[in-house]
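Novice: Before I ask anything, here is the structure I am working with.
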Amino acid sequence: MRIIIAGGHGKIALRLERRLKSRAVGIVRNPDHVADVEATGAQAVVCDLERADLEEVRRIVEGADAVVFAAGAGPGSGAARKDTVDRAASVLLADAAERAGVGRFLQISSMGAGKPPAGGDEVWAAYIRAKTEAEDDLRRRDLDWTILRPGRLTDEPGTGLVKLAPEVPPGSVPRDDVAAVIAALLTGSGTVGQTLELVSGDTPISELVAPE
């Protein structure tokens, strides 16, 4: 398999790349991040998804078996970049996947998406709106999509035990386990067309996401 990962230098993406190794291609904006991606065993390609055009991204994803959208504007970014990265970059990547004939698309979203933003924080509200609109865009497409909504992300070691369902109680989840779930989701088509929430739990990932 050849898996394209947008946001290839992100904390989840690097963990996923360590699992996929040479099967993964991480898209990074900053050339200084290429070495970190390659250290996982994955390949790296430099492309700024906030500035790239459709043809450039299509060339990157052409021939891939699946695409993972793991990009995000990140902490410290303002409301404007929540839209240009968390929404618009996902839309661009989905456009490119359709144009290149890559059917499988896995989008990392967030718990809270799909609902009115809670609280008065302007940037958080912009983030939730961006994730919601990116999800809505993906659902309208003729792609084999899966949307994954992790809970609060931590850097604790993964346990391999999670709750994964269309709706789960609020909670946290190690990034290690998010990467493990994504790797498992990529092995089969049983979750195509599903939006799944993810937090730590007591069920082994292998029981929840069986390879086909």
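Novice: For LYS163, give me every one of the aspartates and glutamates with a C-alpha distance below 12 angstrom, ignoring sequence neighbours fewer than eight places off in its own chain.
Specialist: Within the straight-line limit of under 12 Å, LYS163 reaches these aspartates and glutamates: ASP177, GLU197, ASP202, GLU207.
Novice: By a straight-distance test (C-alpha under 19 Å), which lysines pair with LYS11 as possible cross-link partners, with residues fewer than eight away in the same chain excluded?
Specialist: Partners within reach: LYS21, LYS82, LYS131.
Novice: Read phi for every residue in region 196-211 and hand back ³J(HN,Hα) as whole Hz from Karplus 6.51 cos²θ - 1.76 cosθ + 1.60, θ = phi - 60°, with x for Gly and Pro.
Specialist: These are the phi-based 3J(HN,Hα) values: 10, 9, 9, 9, 5, x, 10, 10, x, 4, 5, 7, 8, 10, 8, x Hz.
Novice: Okay, next question. Run the 1.4 Å probe and let me know the accessible area of SER172, rounded to the nearest 10 Å².
Specialist: In the full protein context, SER172 sits at about 40 Å².
Novice: Cut-off 10 angstrom, C-alpha nodes, Gaussian network model of the chain. Which of ALA126, ALA100, ALA118 fluctuates the most?
Specialist: Ranking ALA126, ALA100, ALA118 by mean-square fluctuation puts ALA118 first.
Novice: I'd like to compare 127-135, 28-36: which one has the highest average count of other Cβ atoms within 10 Å, and what's the full order after that?
Specialist: Details: 127-135: 22.4, 28-36: 14.8.
Ranked from most to least packed, the peptides come out as 127-135, 28-36.
Novice: To continue, here is another question. Report the calculated FRET efficiency for ALA118 and THR159 (r = Cβ-Cβ distance, R0 = 25 Å), to the nearest 0.05.
Specialist: Details: r = 28 Å, r/R0 = 1.12.
That pair, ALA118 with THR159, gives E of 0.35.
Novice: If you roll a 1.4 angstrom probe over the protein chains with everything in place, what fraction of the accessible area of the chain belongs to carbon and sulfur, to the nearest %? Before the final figure, lay out each step's value.
Specialist: Working: 4660 of 9640 Å².
Within the chain, the accessible surface is 48 percent carbon and sulfur.
Novice: Looking at region 1-114, what % of the alpha carbon pairs are farther apart than 23 Å?
Specialist: On the way: 1357 of 6441 pairs.
Above the 23 Å cut-off, region 1-114 has 21 percent of its Cα pairs.
Novice: Multiply the residue gap between ARG152 and ASP136 by 0.36 nm, knock off their C-alpha separation, and tell me the result in nm, one decimal place.
Specialist: Values: separation 16, 0.36 × 16 = 5.76 nm, distance 2.17 nm.
The ARG152-ASP136 span can extend by a further 3.6 nm.
Novice: Give the calculated FRET efficiency between VAL192 and VAL91 to the nearest 0.05, with a Förster radius of 30 Å applied to their Cβ-Cβ distance.
Specialist: On the way: r = 19 Å, r/R0 = 0.65.
Efficiency at R0 = 30 Å is approximately 0.95.
Novice: Write down the Kirkwood hydrodynamic radius of region 110-212, to one decimal in angstroms, obtained as one divided by the mean of 1/r over all alpha carbon pairs.
Specialist: On the way: mean 1/r = 0.0700 Å⁻¹.
Kirkwood hydrodynamic radius for region 110-212: 14.3 Å.
Novice: Which value, in debye to the nearest 20, gives the size of the charge dipole of the chain about its Cα centre, when Lys and Arg are +1 and Asp and Glu are -1 at the Cβ?
Specialist: On the way: 26 positive and 32 negative charges, 18 e Å.
Using only the charged Cβ atoms, the result is roughly 80 debye.
Novice: Let me ask something additional. Taking the alpha-carbon set of region 50-131, what are its Rg and Dmax in Å?
Specialist: Spelled out, the Cα radius of gyration and Dmax of region 50-131 are 13.8, 44 Å.
Novice: Next up: Compute the accessible area per residue over region 129-179, keeping the other protein chains in place, probe 1.4 Å, unit Å². Numbers along the way, then the final one.
Specialist: Numbers: 2490 Å² over 51 residues.
Computed with neighbouring chains in place, this is 49 Å² per residue.
Novice: Return the inverse of the average 1/r over all pairs of distinct C-alpha atoms in the chain, which is the Kirkwood hydrodynamic radius, in Å to one decimal.
Specialist: Working: mean 1/r = 0.0591 Å⁻¹.
Roughly 16.9 Å, rounded to one decimal.
Novice: For a distance above 20 Å, tell me the whole-number percent of Cα pairs in region 145-205 that qualify.
Specialist: Working: 279 of 1830 pairs.
Of all Cα-Cα pairs in region 145-205, 15 percent lie more than 20 Å apart.
Novice: Calculate, for region 1-52, the solvent-accessible area per residue in square angstrom, rolling a 1.4 angstrom probe over the heavy atoms of the protein chains. List each step's numbers first, then the result.
Specialist: Numbers: 2530 Å² over 52 residues.
Result: 49 Å² of accessible area for each residue.
Novice: Could I have the simple spin-label model distance between ARG51 and ALA39, label points 7 Å from Cα toward Cβ, reported in nm to one decimal?
Specialist: About 2.6 nm, to one decimal.
The values are calculated or read from the model by the stated rules, or taken from the named source; none is laboratory data. A quick note: this is a predicted structure, and the numbers were derived from the prediction, not measured. Note that we place each Cβ from the backbone using ideal geometry, even for glycine, and neighbour counts take in every protein chain shown. Only protein heavy atoms, including side chains, enter the accessible area calculation; ligands, DNA and RNA are left aside. Shrake-Rupley method; radii C 1.70, N 1.55, O 1.52, S 1.80 Å.
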